[in-house]
Amino acid sequence: MSSTTPKSKGQPQVHIDSRGRTYVTSSSGQRMPASWNPKLLVDQPEADDYIHNPTKRTLPRGPSFNTRGIANLGCLLILGLCLLGLFIGYPVTQYYTSPHQTAAGNLGLGGINSSGQVPQIAGNWGLIDLETPHDALSFPSYMDGSDWQLVFSDEFNTDGRTFYPGDDPYWEAVNLQYWETGNLNWYDPSAITTRNGALEITLSKQPSHGLDYQGGMLATWNKFCFTGGIVQASVSLPGMNNVSGLWPSVWTLGNLGRVGYGASLEGMWPYSYDTCDVGAVPGQIIDGKPAAAKEQGPYKNASISGLPGQRLSRCTCPGEEHPGPKHADGSFVGRSAPEIDLFEGQVDGTTGSVSQSGQWAPFDNAYQFFNDSNGVIIDDSSITAQNTYTGGPLQQATSYVTATNQICYQQNEGCFSTYAIEYKPGYEADNAYITWVSDGKKAWTLNAAGVGADPTTNISARPISQEPMYVVANLGMSSSFSFLDLDNLVFPAVMRIDWIRIYQPPDAINIGCDPSTHPTMDYIQNNYAAYNNPNLTTWQSSISGYNKTFPKNSLVDSC
């Protein structure tokens, strides 16, 4: 039940329901909130009714384009461009403006190196160490001053690194005795680590594998290689500058020979040869000729050379195992494992020095290379002189000795000194050369003419290494290298390497262990045992070797 307060027709009606609540209805009977003021709810036209009438279109139309509309569209456009820049433009710009590896190098599918390892240095496993100073990303050539590009660096700033197999993407320490040079020490991976921002290789007087001393050797074999360039090492030499007996060294070797693995090296080291002639055969003699090669001394086969011949020579018969490639005439490219040493530390009397050398085969008459002005340049004869050792039945050496910075030794001030090589592969026609650097300054240069053809022994020119090379660093001791002053040597002796950096000309970047011009991967894989078992001391021996014959040579075998 409800009561109604009488009102005039057309006016809102006020009602009271059965619960005493008041409500209002319009003239049409629609219920309205009681809070509305009935006096305003009249069914009479009001001044703004036309605004709310959907049937009326009497409002004036403005222009299609106006300032406010354009501003709105402009804001939307700017917002859209900002979003595109953030999510597309920035990533693309970052990609193309950030430094990138300029060549594939030795890393394959999935970022593995040539020996199948995945780099494990989290956040810093590229070819260029992220902690390399910005001003070291390029370096002027020692020869012509042109800027060369950094292609590899290791600053060794992370302490506690180890170099057992699989520990590092580029370096691996050997675990063997270096019997080739009669070392008195065992090379053990535990002798190598990084400490206080430097690589440390320690030679200690402690029993190891039946020997009295333990040293260390590590290499980038089959992990990182390069062909041509500058190789620098900042080194604090071990021991004292006036006590003889230690053998510290940083050097390079062709990837087809693994350091310490004798079977892989037989017939490969120290050849650098790409000609099919007497220089590629055993002893450098065919039918007793040339006479000069035969008269050089009572070596193996009474010849100048005790080498078994170049295993992978240009004379290799068709169909024989050879890593290739081939020349245009169908003959194989002569392959080998050349050696170029940044330095080998030695002490003569009271002065520390370094021998800086290249090792070669085949050999010149009397092991004398062409050291005239066309072949050799000495930068400071007051501290650099030719090494008295020029070769023997297993190697010929182009070597000069330079006095070192006498305070950059472990037991002196321990400062670092830069040793380096800069080399251009090829022959005299290529303007090829090797330059050696000691204490940051050029010491001497071997031009390709210095190892040119020798008509006396009937050999052709030997090229400055064209093979992919890798880096070796080691500290050991052997009486075959220097006098052992055991009474005055102090152990442990430590060689410290602050950094190693490699540069190449921007127009001649050539890194990787398996370049198309000098491939190595398939050959190494096909002869896995020779490259992975250090107990196989020769290629051919059936007792202690790989028990495999050399490929047939067209000069001495029937193809």
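Since every read-out is calculated from the coordinates, none of them should be taken as a lab result. Keep in mind that this is a model prediction, so the values were computed, not measured. So basically every Cβ, Gly included, is an ideal-geometry build from the backbone, and we count neighbours across all protein chains shown.
Mind ranking 329-340, 241-252, 220-231, 504-515 by how tightly packed they are, going by the mean number of other C-beta atoms within 10 angstrom, highest first? Walk me through the numbers on the way to the answer.
Numbers: 329-340: 21.0, 241-252: 22.6, 220-231: 25.4, 504-515: 18.7.
Descending packing order for the listed peptides: 220-231, 241-252, 329-340, 504-515.
Taking θ = phi - 60°, what integer Hz values does the Karplus form 6.51 cos²θ - 1.76 cosθ + 1.60 yield along the range 444-461, in sequence order, with x for Gly and Pro?
So the J values, rounded to whole Hz, are 7, 10, 9, 7, 4, 4, x, 10, x, 4, 10, x, 5, 9, 6, 9, 8, 5.
Which of S482, N447, P425 sits closest to the plus end of the dipole of the range 422-543, meaning its Cα is farthest towards the positive end, when Lys and Arg get +1 and Asp and Glu get -1 on the C-beta?
So the residue furthest toward the plus end is S482.
Return the long-range amide H neighbours of R195 (sequence gap of 5 or more, or a different chain), with a cut-off of under 5 Å between placed amide H atoms.
G160, E200
What whole number of Å gives the distance from the Cα centroid of the range 310-347 to the Cα centroid of the range 135-200?
Using only Cα atoms, the two centres lie 26 Å from each other.
Could you calculate the contour length gain from I286 to D159, that is, 0.36 nm times the residue separation minus the distance between their Cα atoms, to one decimal place in nm?
On the way: separation 127, 0.36 × 127 = 45.72 nm, distance 5.58 nm.
Net length gain for the segment: 40.1 nm.
Using the Karplus curve 6.51 cos²θ - 1.76 cosθ + 1.60 with θ = phi - 60°, what ³J(HN,Hα) values do you get for each residue of the range 239-256, in whole Hz, with x for Gly and Pro?
Using θ = phi - 60°, the values come out as x, 10, 7, 10, 10, 8, x, 8, 10, x, 7, 10, 8, 10, 8, x, 5, 6 Hz.
Report, by chain and number, residues whose modeled amide H sits under 5 Å from the one on F152, excluding near sequence neighbours (fewer than 5 apart, same chain).
Those qualifying (amide H under 5 Å, at least 5 residues apart or on another chain) are I502.
Which length gain, in nm to one decimal place, applies between Q206 and Q525 when the Cα-Cα distance is subtracted from 0.36 nm times their residue separation?
Values: separation 319, 0.36 × 319 = 114.84 nm, distance 3.60 nm.
111.2 nm is the gain from fully extending Q206 to Q525.
Cut-off 19 Å, label point 7 angstrom out along Cα-to-Cβ of N175: give me the residues of the range 475-498 whose amide nitrogen falls inside.
In the range 475-498, the label zone of N175 (backbone N under 19 Å from the point 7 Å along Cα→Cβ) covers 475.
Just to check I understand the Karplus step: with θ = phi - 60° and J = 6.51 cos²θ - 1.76 cosθ + 1.60, what whole-Hz values come out for the range 542-553, glycine and proline as x?
My calculation for the range 542-553 gives 8, 9, 10, x, 6, 6, 9, 6, 5, x, 5, 10 Hz in order.
To the nearest Å, what is the center-to-center distance of the range 203-235 and the range 465-530, using C-alpha atoms only?
7 Å
If each of T549 and D430 carries a label point 7 Å out from its Cα toward its Cβ, how far apart are those two points in nm?
Those two pseudo-labels are separated by 3.3 nm.
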